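A short worksheet on the structure shown next.
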Amino acid sequence: MKKAAIYARVSTPDQHVENQLYQLRELAARRGFEIVQEYTDRGISGSKSRRPGLDALMADARRSKFSVVLVAAFDRIARSTRHFLQTLDELDSLAIEFVSAREAVDTTTALGRMFVTIIGCIAELERSLIVERIRQGMRRRKLEGFRLGRAPLDVDREALVCDRRSGMSLTRVAKKYAVSRASVVRFTREAMKSECPGTGEFQRAAVQTLSECVA
């Protein structure tokens, strides 16, 4: 019985890696593989070549802990053809088979290897086209006068900065105005930068603002 490793990845924390794991466990059972380890990466883009789960899988591959790697689809390993083929080349040099459930392809045959290369190129082309369509849509929306990105926070920044400067804690200010602690820091920093025409003038303005807040 061949020893197999499962690798699964999701790009965002709200996605469920378990869906891939269930599918790959069933595939291993049908093929008569013994699963020795499952490796996962959660909330990590496939464009990143360094990932904790994938790094651990490759490290164990070099230790010959398994002879087959199962994935749900090609793009779970990598989204760039270069990284995808580099990974497969290393697995091949270690005499480790690669099986993808969605594409129904494995690297045990020359035909399977050819399909891996072709489909990898197509996947990268598809991703490039999607990115370009998104950019075109954003340019069009901008020309039509629509705002891009998140809407600004609806908060009284002057009052927020005033409370923070008066000595209110970062956590209390954040809760009072229903914003993150990082936003409180950013608003305060922006207010300080806008008040720096000169050191003496800044200090006088700060003292005046602080006095108004305490009053």
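FYI, it's all coordinate maths here, none of it is from the lab. The model shown is predicted, which means the values in this text are computed figures rather than measured ones.
List of remarks:
- Taking the longest Cα principal axis of the chain as reference, the axis of helix 199-214 is set at about 80 degrees.
- Label corresponding to Cα Rg over 2.2 N^0.38 Å when calculated from the structure given, among (i) 1.22; (ii) 1.05; (iii) 1.57: (iii)
- The chain: calculated mean residue ellipticity at 222 nm from DSSP helix runs of at least 4, using -39500 (n - 2.57): -18000 deg cm²/dmol
- Within the listed set Phe74, Phe187, Phe66, the Gaussian network model of the chain (springs between alpha-carbon atoms below 10 Å) gives the highest mean-square fluctuation for Phe187.
- Rounded to 10°, Cα long-axis angle of helix 52-62 versus longest principal axis of the chain: 30
- In the chain, the DSSP beta bridges split such that about 10 percent are antiparallel, to the nearest 5.
- Largest GNM mean-square fluctuation across Asp106, Asp55, Asp14, computed for the chain with C-alpha springs under 10 Å, falls on Asp14.
- Note on the chain: with a GNM built from Cα contacts shorter than 10 Å, the maximum mean-square fluctuation among Arg31, Arg76, Arg164 falls on Arg164.
- Set of lysines near Lys3 by C-alpha distance (under 22 Å), chain-local residues within fewer than 8 positions excluded: Lys65
- Principal-axis analysis of the Cα atoms of the chain puts helix 181-193 at an angle of about 50° to the longest axis.
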